[in-house]
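In what follows, a single structure is set out as structure tokens and then discussed.
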């Protein structure tokens, strides 16, 4: 018999960085305070970088609790991007200083919680980042946290313009992979990076075509 959801403390969870060719995937969990509303929350993809950066500290200041979880490039390559995303979400929930009574995940799949000793229910909500304030807040925190990481990594691995495209598959990023070896932050399990490692120009062109680049 399914347990009824206790909506006393609802954590919204979302991720950033599933699609890029380089860098980690980051998840955030946010429990909003109903007494401290935050205007302007929306899916982070619909907000300008300036608006996301403005909202992120407000979310941290006004939320009941925030947590961030990261799965690095090694974990992405060894587990696959989906499982690494689930891992980052689990870590974000464990990082919450206040235990949630219910968890809402953006998307159609939920991470496993049975071994985390969290006494809460969980549900997946498609397009939740555009529909629910807590998930919107989580999407903003995940995106701004990851963007900051990628700006820092740009200084460590010059030549790829990681600060500009945050590791996503842009023409400039693809051109860089043609002329220099992938960095330790590049995901070898992703076809364009794997082909660049093998110096297979024909396979790289085909992989990029399949990705729509």
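Readers should treat all values here as calculations from the given coordinates under stated rules, not as data from a laboratory. Everything numeric in this text was worked out from a predicted model, so none of it was measured. Here the Cβ positions follow ideal geometry from the backbone for every residue, glycine too, while neighbour counts run over all protein chains shown.
Per-structure values
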quantity	calculated
Answer label, with percent of Cα pairs over 20 Å apart calculated from the coordinates and candidates (1) 58; (2) 67; (3) 63	(1)
Crossing angle, helix 81-94 versus the chain [Cα axis fit, 0-90 degrees, rounded to tens]	40 degrees
Cβ crowding within 10 Å averaged over residues, with 44-50, 64-70, 20-26 ranked highest first	20-26, 64-70, 44-50
Square roots of 5 times each gyration tensor eigenvalue, C-alpha, segment 25-150, largest first, Å	21, 18, 13
Cα gyration tensor shape for segment 1-66, rounded if a/c is under 1.5, else prolate or oblate	oblate
Mean separation of Cα contacts under 8 Å (6+ apart) over length of the chain, as relative contact order %	27 percent
Between segment 1-78 and segment 114-180, the Cα center-to-center distance that results, in Å	11 Å
Added length on full extension, which subtracts the Cα-Cα distance from 0.36 nm per residue, residue 8 to residue 35	8.4 nm
The chain, helix-only ellipticity at 222 nm - DSSP H runs n ≥ 4, -39,500 (n - 2.57), divided by all residues, nearest 500	-13000 deg cm²/dmol
Percent of beta bridges antiparallel (DSSP, segment 10-154, rounded to nearest 5)	60 percent
Segment residue 131-residue 72, length gained on full extension (0.36 nm per residue, minus Cα span)	18.4 nm
